[in-house]
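The block underneath contains the structure these notes are about, expressed in structure tokens.
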Amino acid sequence: MTGALPTAAAAATDGTGPSPGPQPPGFDILPALPAPTRHGGAPTVPRATRPGIGGFTFIEVAIAIVILAVAALVAFPTMLSFFELSDSAREENVATHDLMAATEDILATPFALVTTTYADGQPIPKFTRLHLRDQQIVVRYDDPNADPLVVTVAATWSDSKGRPRQERYRCVRTR
């Protein structure tokens, strides 16, 4: 085969490049071209694979910021109402707990001492401003001389915005 171009086997043996493996007959390998270089001789990298090049345009970033700002403006009032409802629920839970504790104290007191220990219409001192702002727990009786004794225990307090709040329990105490 005189006058033929170098084949894959010839390219592997003459040092111009690695052999890509067996090639079909008539497939010739051209010698490798030198890598393109910059002025300083450093090889250039194609634009699509250059690190730090590409990404988002200014318009794309601006549109994304506008969309996020609109979403935040829509979500903000919802978050505020969630926090207000959460505070309100926490205050009601605290008031309920304090009312239960006051009711247990009343039920644990001997029957003959209930109306004297817990005077009708007077706040219970140990629960005044215990956990909530302006908190008071007041005991009322339908008839202080009756048996069974119907007791109403009411908690009043001011919520985080200063609005008055109230919660009541009723229980019956017998001899």
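Taking each pair of different alpha-carbon atoms in the stretch 59-173 once, compute 1/r for the pair, average those values, and report the inverse of that mean as the Kirkwood hydrodynamic radius in Å to one decimal. Intermediate results must be reported in sequence, preceding the final value.
Details: mean 1/r = 0.0596 Å⁻¹.
One over the average 1/r among Cα pairs gives 16.8 Å for the stretch 59-173.
Taking amide H as placed 1.01 Å from N in the peptide plane, Gln135 has its amide H under 5 Å from the amide H of Arg129, Leu130, Ser158, each at least 5 places away in sequence or on another chain.
May I ask for the net charge around Val153, where only other residues with Cβ less than 9 Å from the Cβ of Val153 are counted and Lys, Arg are +1 while Asp, Glu are -1? Residues near Val153 contribute +3 overall.
How would you rank 131-141, 54-64, highest first, on the average number of other Cβ atoms within 10 Å across their residues?
Details: 131-141: 18.1, 54-64: 9.5.
Ranked from most to least packed, the peptides come out as 131-141, 54-64.
In which sequence would Val74, Val153 go, from the one with the fewest C-beta neighbours within 10 Å to the one with the most?
Neighbour counts put them in this order, fewest first: Val74, Val153.
Each value in this text was obtained by applying a stated rule to the coordinates, not by laboratory testing. Just so we're clear, the structure is a prediction, and the values are computed from it rather than from any experiment. All Cβ positions, glycine included, derive from the backbone under ideal geometry; neighbour counts span all protein chains shown.
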